[in-house]
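The values are calculated or read from the model by the stated rules, or taken from the named source; none is laboratory data. Since this is a predicted model, take the numbers as computed values, not measurements. Cβ placement follows ideal geometry from the backbone for every residue including glycine, while neighbour counts extend to all protein chains displayed. When the accessible area is computed, the model is the full protein with side chains, heavy atoms only, and any ligands, DNA or RNA have been set aside. Shrake-Rupley method; radii C 1.70, N 1.55, O 1.52, S 1.80 Å.
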Amino acid sequence: MPRFFHASGSGRFPHTRLRRMRRLFWSRNWMREHHLHTDNLILPVFVHEGKHDEDIPLMPSVKRLCLESLVATAQSAYDVGIHSLMLFPVVPPDAKDEKGSEALNPDNLLCRAIQALRQSVPSMGIICDVALDPYTSHGHDGILKDDDVDNDATVALLAQQALVQAKAGCDVVAPSDMMDGRVGVLRKTLDENGFQHVLILAYSAKYASHLYHPFRHAIGSHKTLKGAKTTYQMDTANLREALREALQDIDEGADMLMVKPGTLYLDVIHALRTHTLAPLAAYHVSGEYAMLRAAAEKGCLIYEDVLLETLLSFRRAGADVIITYGALDAARLLSR
Ligand code: PBG
């Protein structure tokens, strides 16, 4: 806090009593600095080939949806004011290979899901993750060469993956792979193919976090993933590097930036908000969601209360939008 506030005598007790403004609900509301609205929320959903929904044991209340339920979920999300969702396919093990070839199949599960959504909830914003990990037999985000992900060969495939998603009808491609130079190549490929309007939401600062475990469980990559993702995802100790990533992504044509995970990285959200002008998303990831649910099941806290507190903390740190598995719960709570 700047010193002159005190020097000007503007804050001394007993003339100033900060509790005075907190006494009644409407003056508390006058002072409210940040707000959470359904416009700030993106719902991530898992879709699978099955005919029925499947529980995800590590993520209570989240399911692997069949196509029919996906459409119904999208409709109810839209009706409560959540106008964009992020799609994650659960690819059957026999469709996975070393190169993640299924990602380029224009009739893959993800493309069929996009088309079903487009038909039934036409105005819903559809965001697709660009990375090969749901499709590779080794669970890495790209193709391997000498036991490491080969950057440039992977970027070429990711551009084709994004093109397949754009052709299927998605609105936003969100590269989550952390390869160098991928945003620029995606932008160029999309533009050259008539998809100038498709947005790029760059996972700019994606950390090699241990909080993705429930997600990997949900898409079945936890069993096959060999080694860590530390040669491409960021070191959890770094902040300046996040800014370098963000500035590079903006230069390459990103429309929007993302920080992931969220709660342990509020400083990163704040830094990107302070030092860049791009719209900013925060991803409240699977492990963060699972921790809340698990603590609530034990009676340590009330899920709904801490969910809203968490989402508001992202807004305070500077995030415009939040991707959260609790989006529908939050929407329900906000409408009360
Ligand atoms: C794929 C991807 C991951 C997540 C989103 N996209 C997993 C990973 O990088 O291993 C994690 C999301 C979550 O934990 O909720 N690259």
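For region 266-311, filtered to residues that are among the polar types (S, T, N, Q) and in a helix (DSSP H, G or I), the residue that is surrounded by the most Cβ atoms within 10 Å (Cβ to Cβ) is S286. Sub-7 Å Cβ pairs linking a first residue in region 105-127 that is hydroxyl-bearing (S, T, Y) to a second residue that is open to solvent by less than 50 Å² (accessible area, probe 1.4 Å) and modelled with pLDDT of 95 or more, at least 6 apart or interchain, are S120/V71, ordered by first then second residue. Count of region 217-258 residues, restricted to those that are closer than 20 Å to V155 by Cα, open to solvent by 50 Å² or more (accessible area, probe 1.4 Å) and within 11 Å of the ligand (Cβ to nearest atom), is 1.
Scanning region 111-132 for residues that are within 13 Å of the ligand (Cβ to nearest atom) and either open to solvent by 40 Å² or more (accessible area, probe 1.4 Å) or touching a helix residue (DSSP H, G or I) at 6+ places or on another chain (Cβ under 8 Å) (or both) yields C128, V130, A131, L132. Of the residues making up region 160-207, those that are within 16 Å of the ligand (Cβ to nearest atom) and assigned to a loop (DSSP other than H, G, I, E, B) are C170, S176, D177, M178, M179, D180. Among the residues here, S76 does not qualify as polar (S, T, N, Q), closer than 24 Å to L211 by Cβ and in contact (Cβ under 8 Å) with a residue 40 or more places away in the chain. Would you check if L211 is among the aliphatic types (A, V, I, L, M), open to solvent by 10 Å² or more (accessible area, probe 1.4 Å), within 13 Å of the ligand (Cβ to nearest atom) and closer than 22 Å to L264 by Cβ? Taking the combined requirement at face value, the residue satisfies it. Within region 295-311, the set of residues being touching a residue at least 60 places away in the same chain (Cβ under 8 Å) and over 14 Å from L264 (Cα atoms) comprises E297, L308.
Selection of region 20-53 for residues being free of Cβ contacts under 8 Å to residues at least 24 places away in the same chain and open to solvent by 80 Å² or more (accessible area, probe 1.4 Å) yields R20, R22, R23, F25, W26, R28, N29, W30, M31, R32, K51, H52.
Quick test for you: out of G318, G326, pick the one residue that is farther than 13 Å from P261 by Cα, surrounded by 15 or more Cβ atoms within 10 Å (Cβ to Cβ) and away from the ligand (no atom under 16 Å from the Cβ). After ruling out the rest, the residue left standing is G318. When you check A72 against the structure, is it open to solvent by less than 20 Å² (accessible area, probe 1.4 Å) and assigned to a helix (DSSP H, G or I), yes or no? Answer is no for this residue. With respect to the conditions (1) out of contact with any Asp or Glu (no Cβ under 9 Å at 6 or more places or on another chain); (2) assigned to a helix (DSSP H, G or I); (3) of a type in the set (K, R), K223 falls short on a single one, namely (2).
Scanning region 221-265 for residues that are modelled with pLDDT under 95 and either out of contact with any His (no Cβ under 8 Å at 6 or more places or on another chain) or at positive phi (or both) turns up S221, K223, G227, A228. Tell me, please, whether a residue that is under 22 Å from the mean Cα position of the chain (by Cα) and among the polar types (S, T, N, Q) can be found in region 18-36. Looking for residues that are under 22 Å from the mean Cα position of the chain (by Cα) and among the polar types (S, T, N, Q), one finds none in region 18-36, hence no. Would you point out the residue of region 138-161, among those that are open to solvent by 10 Å² or more (accessible area, probe 1.4 Å) and of a type in the set (G, A, S), that is farthest from L225 (Cα to Cα)? Selected residue: A156. Within region 56-90, how many residues turn out to be closer than 20 Å to Y203 by Cβ and of a type outside the set (A, V, I, L, M, F, W, C)? Summing the residues that are closer than 20 Å to Y203 by Cβ and of a type outside the set (A, V, I, L, M, F, W, C) in region 56-90 gives 2.
Which of the residues spanning region 94-132 are in a helix (DSSP H, G or I) and of a type outside the set (A, V, I, L, M, F, W, C)? Matches in region 94-132: D94, S101, E102, R112, Q115, R118, Q119, S120. For the residues V198, V164, V173, the requirement of being open to solvent by 10 Å² or more (accessible area, probe 1.4 Å) and touching a Cys at 6+ places or on another chain (Cβ under 9 Å) singles out V164.
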